[in-house]
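J.: This structure is in structure tokens; I'll ask about it shortly.
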Amino acid sequence: MDENRHIRLSTVDITLPDGVSFTQYVVAMPTAAMTLVVNDQREVLLMRRHRFIIDRWVWELPGGYVDGAEDIHTAAAREVEEETGWRPRSMEHMVTFQPAIGSVDQPQIIHLARGADPTGTTPDVNETQEIRWWPLEEAVDLIARGEIVGASTVVAVYRALTLL
């Protein structure tokens, strides 16, 4: 139905095992790579930005689309640096998930970075309005208060509770 480098919208005719048939809309989007950066004090690096689709200011992980054949670890580290001005010291896979597999195909690959160094660069104002280190437990409170709503950040924060 429509396609560009960020999204493909199509329809698929489905027949269920009981014989019911219908047409399903399917959205395919590029793989997204995000990173939960944590320091020695168990603080996580989050960015505050306005998300126009829901018209809200929220806290979230740095991340973005993987460009073509780009290595996923490289893409995740690049996004941290571009969006926060911090360079991760290490990168390891944390969790991969699909946020809405009923109609959307977009793998979300979250990495864990243990430590980061400031690059001295200022993040693009179009990427973020504020960068802040939050104690992990306070990040959990941000979820409860509705200040973190993005699935990737929610998954990463809760996963970190079991890893750190």
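J.: Under the condition of being among the polar types (S, T, N, Q) and under 30 Å from His73 (Cβ atoms), which residue from region 11-36 is nearest to the chain's Cα centre (by Cα)?
T.: Thr35
J.: Take region 118-160 and flag every residue that is modelled with pLDDT under 95, under 27 Å from Ala100 (Cα atoms) and out of contact with any Lys or Arg (no Cβ under 6 Å at 6 or more places or on another chain).
T.: Asn126, Glu127
J.: Could you tell me how many of the residues in region 25-68 are more than 19 Å from Thr128 (Cα to Cα), in contact with a Leu (Cβ under 6 Å, 6 or more places away or on another chain) and in a strand (DSSP E or B)?
T.: Matching residues across region 25-68 total 1.
J.: Testing Phe97 on (1) more than 24 Å from Ala28 (Cα to Cα); (2) of a type outside the set (S, T, N, Q); (3) surrounded by fewer than 19 Cβ atoms within 10 Å (Cβ to Cβ), one condition comes back false. Which one is that?
T.: Here Phe97 meets the rest and fails (1).
J.: Any idea which of (1) in a loop (DSSP other than H, G, I, E, B); (2) closer than 15 Å to Ala33 by Cα is the one Glu127 doesn't satisfy?
T.: Status for Glu127: all satisfied but (2).
J.: Here is a further query. Has region 3-20 got any residue that is assigned by TED's automatic domain parsing to the domain that holds Thr122 and among the polar types (S, T, N, Q)?
T.: No, the conditions are met nowhere in region 3-20.
The values are calculated or read from the model by the stated rules, or taken from the named source; none is laboratory data. This is a predicted model, so every value here is computed, not measured. We place every Cβ from the backbone using ideal geometry, glycine too, and count neighbours over all the protein chains shown.
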